[in-house]
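Undergrad: A single structure is presented below for examination.
The values are calculated or read from the model by the stated rules, or taken from the named source; none is laboratory data. This structure is a prediction, so every number in the text was calculated from the model and none was measured. Cβ sites come from the backbone with ideal geometry, for glycine too, and all protein chains shown count toward neighbours. Please note that ligands, DNA and RNA were not included when accessible areas were found on the heavy atoms of the full protein model with its side chains. Shrake-Rupley method; radii C 1.70, N 1.55, O 1.52, S 1.80 Å.
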Amino acid sequence: MLFSKLFLYTLRQAPKEAEVISHQLSLRAGLLNSLASGVFSYLPLGLRVLRKIESIIRRHMNELGGQEVLLPALQPLSLWQKTGRDEILGETMIRFKDRRGREMVLGPTHEEVITDLVAKYVNSYKQLPLLLYQIQTKFRDEIRPRFGVIRSCEFIMKDAYSFDATAEGLDKVYNGIYSAYLSIFSECGLQIVDMEADTGFIGGSASAEFLAVAEAGEDIVYFCPDCNKYSRSESCPSCKKSGLSPIKTMEVGHIFKLGTKYSQPLKACFLDEKGKNRPLEMGCYGIGVSRIIAAIIEAHHDEKGIVWPEKISPFTLEILPLGGEDSSLVQFAFELYHQLQQKGYEVLLDERKESAGVKFNDALLLGLPYVVVVGKNSFGRGEVEIYQRRDNRKITLSKDKIIEWLEDKISYL
C-alpha cells in the first residue's frame, strides 16, 4: 500500500477526551474515529488489525470443530422475557418498538437467540455435540462509556455456544476452549491472568475469566509469588501471605458452563439413546475482539507510539525512502516494495514528499515491526538500514540482502 493512497490521518496530539494510552494512540495512529461517546468507526489501519485478531480466533475455533454462523442483532424482546433476562439487564439493553409495534432489542449477547435456533433443528443425541460461534457486534447502553473501545456502547465479540448430551461432554468442550483461549491470547501478544469467576448475568454453574495485564484495566488482582497463584483478595487464600501487590487487568475473555439454564425455558431438548426427552447441556464462550486491540496497545507501546506484535501488525513492514529527488533511490524503493509484495509480505511504502522527520515519526507512531530506511548516504554505499521497532535496534545491510534477512526473521507467513 502506498502511504499517499491510504485513508490515514495521524495526529501529533491526542484529543482531550482520550484518557488512557490505548485510546490516545488509537486516535493518533488513525485506527479509530469517534462518532459519539462510546461509538467508533474503524478506519483501514484499525480494521486490518481487527481482521488479524479475528483470523487467529477463527483458526482456533475451527480446530475445535466449531462452525461459524451469523446471528441477528435485532431480537424480539419476547425471547428475553422467556428467560427473565430482560429484567436483569434493565436499562443496559437498548429497546425500541418497530413500526408494527413489536418490542425489539439490539442484542447485547446471543444466548437466547442461539438456543432458540438450535431448538428448531436439534432433536436427537445423534446430532450432538455441536459447537457454533460467531464474530459480531453487540450493543449495550453503558452508563459511562470510557477508555475508547475498552468500555463502549457497541463492540465486536466472538461468542461461541456448545450443545452436549451430558455434563461430561460439556466439561470436555469447556476445557478445550479454555486451552484454546490461552493460545489465542498468547498469539496476540498478551500476558493473561486466568482465574475462576462469578457467572454474573449470563448465569450457569461455573465460569472462568481471562484478564489481560493493562495499566488502564479496572479489574484488580493480586499475585502470590509463593503459591504462583492469582486471586482477588489482598491476602493469598492458599498460604495466607499478606501485602500482595495489586495488578491492573482488563477482561478480554469469559467462558461459562450454562448447563440447562437456557435450554429448559426455551425448550431446547433432545431424545437420548433411551428415547427420553432431555434439555441440552450448554456452554458459552466469549472473547472481546475489539477490546483486544486496546489490550495489545496497552501492553505494547513506548513514548513514540504503538509497537505491534508481528502477527497482529496491520502491515508486515514499512519502506521509507529518504533520498529526496534521487530517482535511483526512489526507483529502488519501489522495486523492493513490489518484490516483497510478490512474496506475500504486507508492505507500506511511504513515498510522500515529506521531510525525513515527519515520515520517521509517523513510522514510529504506527509501530510496524520493521522499517526499511533507504537513506541517501547509506544507499550511496549500496546499503539500507532496517529498524526493528520492538527493541529500537538498527541494522545495516547490503541492498541485495534485505529479502533474505526478512525471510529469516519472519516465519509466520
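Undergrad: Taking the Cα centre as origin and putting +1 on Lys and Arg beta-carbons and -1 on Asp and Glu beta-carbons, what dipole magnitude results for the chain, to the nearest 20 debye?
TA: Around 620 debye, computed over the chain.
Undergrad: Roughly how big is region 313-413's charge dipole about its Cα centre, with Cβ charges of +1 (Lys, Arg) and -1 (Asp, Glu), in debye to the nearest 20?
TA: Numbers: 13 positive and 16 negative charges, 51 e Å.
Magnitude of the dipole: close to 240 debye.
Undergrad: Give the residue list of GluC sites (Glu not before Pro) in region 285-372 that are DSSP loop and have at most 12 other beta-carbon atoms within 10 angstrom.
TA: Listed in order of number, the matching sites are Glu303, Glu325.
Undergrad: Towards the positive end of the charge dipole of region 260-371, with charges on Cβ (+1 Lys, Arg; -1 Asp, Glu), say which of Tyr337, Ala356, Val307 has the farthest Cα.
TA: Looking along the dipole axis, the top candidate is Val307.
Undergrad: Moving on to the next point. Hey, with R₀ at 35 Å, roughly what FRET efficiency would Asn377 and Met195 work out to, going by the Cβ-Cβ distance, to 0.05? Kindly include the intermediate steps, with their values, before the conclusion.
TA: Working: r = 54 Å, r/R0 = 1.54.
Efficiency at R0 = 35 Å is approximately 0.05.
Undergrad: If the viscosity is 1.002 mPa s and the temperature 20 °C, what translational diffusion coefficient in µm²/s does Stokes-Einstein give for region 1-141 when Rh comes from Kirkwood over Cα pairs?
TA: My calculation gives 116 µm²/s for D.
Undergrad: Per DSSP helix of 4 or more residues, -39500 (n - 2.57); summed, then divided by the residues of the chain. What does that give at 222 nm, rounded to the nearest 500?
TA: Helix contribution divided over all residues of the chain: -9000 deg cm²/dmol.
Undergrad: I would also like to ask the following. Can you list which of the GluC sites (Glu not before Pro) found in region 8-76 are DSSP loop residues with at most 15 other C-beta atoms within 10 Å? All intermediate terms of the calculation are to be shown ahead of the outcome.
TA: Numbers: sites: Glu17, Glu19, Glu54, Glu63, Glu68; in loops: Glu17, Glu19.
Answer by residue number: Glu17, Glu19.
Undergrad: Quick one: if the Förster radius is 35 Å, what FRET efficiency do Glu54 and Asp326 give, using the C-beta to C-beta distance and rounding to 0.05?
TA: FRET efficiency, Glu54 to Asp326: 0.30.
Undergrad: For a 19 Å ceiling on Cα separation, which of these pairs sit above it: Lys5/Lys304; Lys353/Lys401; Lys359/Lys399; Lys5/Lys353?
TA: In this structure, Lys5/Lys304; Lys353/Lys401; Lys359/Lys399 lie more than 19 Å apart at Cα.
Undergrad: Continuing with this model, one more query. Considering only the other residues whose Cβ falls under 11 Å of the Cβ of Ser55, what net charge follows from Lys and Arg at +1 and Asp and Glu at -1?
TA: In short, +4.
Undergrad: So how much slack lies between Glu103 and Leu47, counting 0.36 nm per residue of separation and subtracting their Cα-Cα distance, in nm?
TA: Between Glu103 and Leu47, full extension yields 16.9 nm more.
Undergrad: Could you state the accessible area per residue of region 59-131 in Å², with a 1.4 Å probe and every protein chain left in place?
TA: Accessible area per residue, region 59-131: 58 Å².
Undergrad: Now a separate question. I'd like to check one number: the per residue accessible area of region 256-413, probe 1.4 Å, reported in Å² as a whole number.
TA: It amounts to 44 Å² per residue over region 256-413.
Undergrad: In whole percent, and with a 1.4 Å probe on the protein chains, what portion of the accessible area of the chain is carbon and sulfur? Numbers along the way, then the final one.
TA: Working: 9350 of 19430 Å².
Roughly 48 percent, rounded to a whole number.
Undergrad: Within the chain, which whole H helices from DSSP have a Cα span along their axis of at least 27 Å and a mean Kyte-Doolittle hydropathy of -1.0 or more, if any?
TA: For the chain, where a helix must reach 27 Å along its axis and average at least -1.0, the hits are 44-63, 167-187.
Undergrad: Looking only at region 93-121, which residues have a backbone nitrogen under 16 Å from a spot 7 Å from the Cα of Gln81 in the C-beta direction?
TA: 95-98, 100-106
Undergrad: Are there any trypsin sites (Lys or Arg not before Pro) in region 1-62 that are in a DSSP loop and have at most 16 other Cβ atoms within 10 Å? List them by number.
TA: Arg12, Lys16
Undergrad: Still on this structure, please answer the following. Taking every Cα atom in region 233-295, find the radius of gyration and the maximum pairwise distance Dmax, and write them in Å.
TA: Answer for region 233-295, Rg first and Dmax second: 19.9, 58 Å.
Undergrad: Let me ask you something else. Compute the length gained on full extension between Asn33 and Ser124: take 0.36 nm times their separation in residues and subtract their Cα-Cα distance, giving the result in nm to one decimal. Before the final figure, lay out each step's value.
TA: Working: separation 91, 0.36 × 91 = 32.76 nm, distance 4.81 nm.
Computed gain between Asn33 and Ser124 is 28.0 nm.
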